[in-house]
Amino acid sequence: MRDILVTIIILGSLPFILKTPAIGGLMWVWVSVMNPHTQGWGFATHMPFAFIIAIATMFSLLKTREPKGLPLTPVSVLLLLFVAWMNVTAPFALLPESSWVQWNKVMKIILMSFVVMMVIRTRRDIVRLVWVLVGSIAYYGVKGGIFTIRSGGTERVWGPEGTFIGDNNSLALALIITIPLMYYLQQNTHQRWLRHGLSAAMLLSALAALGSYSRGALLAIAAMGLLMWLKSERKLVLGALLGTVAPLLLAFMPERWSERMDTINTYQDDVSAMGRLNAWRMAYNLARDRFLGGGFDVSDAAIFARYAPNPMDVHAAHSIYFQALGEHGFVGLFLYLALGIATWHTASVIIRLTRGNAELRWAHGLATMSQASLIGFAVGGAFLSLLYFDMPYYLMAALIATRSVVEQQLQAAAPRTLAARTRDKNATIAEQP
């Protein structure tokens, strides 16, 4: 039944995609982030839904008369440079065969990320994009939160197999990125039932993140929660809520969970933590030795034998930063960090331009909560190999479009504001004796 439902939804969307490319972008985001076909057990799990949507969206983009150029902003330009550098390092990869396999996957993700940036143009599309991102991850958050309650927190929460968020740690980070976006939607919807539903989804998603037993997620959710509070316009209410809910969630988790979290303080005795440190040192040594890095996918025994302090402990990078460093060298790491800084700056510009403007309150809230999502990803990503996870790139698309909409609206309002000021000035002069 699930296979039939997913197939009907996706194939049924094709006429709408061919008419409006923005719908294709939203459908792509849904399929790539949620991977709904993985929730079935039959033919849908092997259907090339992503490919079908991608082709339909690009065809629609080609024939549409709407603006379809890539917005050239600091974020999009830096992403272009980062992709260009990946294509420089890929031909010199230490493991050519596996590197080209990964290159193929990454280029598809980035290509469609650019397509999303091209088709998401209006406030309506931006809000829809946020809803799609939230709905895609909240499904697993609600499901995982209920599972945690039923198991008493004794079992780990996992994501859909064979996806970016299949690992327990990766799912936890995706949930942490999504919670601020849920809060944004909750604060900008008028339906009471929807507000309550989003409140429940946030609570269950936080519980699911804790139920993943991810230590990096604990640090990330703390950083994200702190920034949410700092950026909130209702600090007293949100602070009281966080101060009440957080201790209850932590108290619910069993002793087994507390013992694992305590290993953060004794990482020297933890095999997993030491394996990550070994992989980070390997990435650093590799980047020092090879200006272009090792190319895509350097988790190989031969590479560790050459560059790692402990050549027998072969691990993935377990860090977006050391993954960029090991695979694409110091230049790749610099470009990736610059991309993150530019994204943060874009959100800051939106906040500055919209502060105190009631008509642009929606954009102000989205930018502030996006920064909370970004800080969660920056902290949690320090312990996960999610350099190519597509959700942050879609968040970049939302911020690029939001800044464009805000600037256009402010420019359109400027003549009216100037005219009103001129009338007031003339009236004041006329009233003078």
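Looking across segment 165-201 at every residue that is in contact with a Pro (Cβ under 9 Å, 6 or more places away or on another chain) and not in a loop (DSSP other than H, G, I, E, B), the one that is farthest from residue 141 (Cα to Cα) is identified as 177.
With respect to residue 330, determine if the residue is in a helix (DSSP H, G or I) and either assigned by TED's automatic domain parsing to the domain that holds residue 200 or out of contact with any Ser or Thr (no Cβ under 7 Å at 6 or more places or on another chain) (or both). Judged against the criteria, residue 330 is a match. Taking residue 382 as the residue in question, decide whether it is of a type in the set (A, V, I, L, M, F, W, C), in contact (Cβ under 8 Å) with a residue 40 or more places away in the chain and more than 20 Å from residue 130 (Cβ to Cβ). Yes; evaluated as a whole, the condition is true for this residue. Only one entry of 13, 76, 99 meets the criterion of being under 23 Å from residue 392 (Cα atoms), small (Gly, Ala, Ser) and out of contact with any Leu (no Cβ under 7 Å at 6 or more places or on another chain), and that entry is 99.
Counting just the residues of segment 25-46 that are surrounded by fewer than 17 Cβ atoms within 10 Å (Cβ to Cβ) and among the hydrophobic types (A, V, I, L, M, F, W, C), which one comes out modelled with the highest pLDDT? Here the answer is 43. Inside segment 278-334, residues that are in contact with a Pro (Cβ under 8 Å, 6 or more places away or on another chain) and free of Cβ contacts under 8 Å to residues at least 12 places away in the same chain make up a count of 1.
For residue 80, the requirement of being assigned by TED's automatic domain parsing to the domain that holds residue 329, surrounded by fewer than 20 Cβ atoms within 10 Å (Cβ to Cβ) and under 30 Å from residue 362 (Cβ atoms) is not met.
When 178, 154, 148, 163 are checked against the criterion of being at pLDDT below 90 and farther than 21 Å from residue 316 by Cβ, 154 stands alone in meeting it. When each of 121, 156, 150 is tested for being without any contact (Cβ under 8 Å) to a residue 40 or more places away in the chain and over 17 Å from residue 392 (Cβ atoms), the lone residue that passes is 150.
Across segment 166-183, the number of residues qualifying as β-branched (Val, Ile, Thr) and touching a Phe, Trp or Tyr at 6+ places or on another chain (Cβ under 7 Å) comes to 1. Of all residues in segment 206-219, none are surrounded by fewer than 17 Cβ atoms within 10 Å (Cβ to Cβ) and touching a residue at least 12 places away in the same chain (Cβ under 8 Å).
The values are calculated or read from the model by the stated rules, or taken from the named source; none is laboratory data. As the structure is a prediction and not an experimental result, all values here were calculated from the model. So basically every Cβ, Gly included, is an ideal-geometry build from the backbone, and we count neighbours across all protein chains shown.
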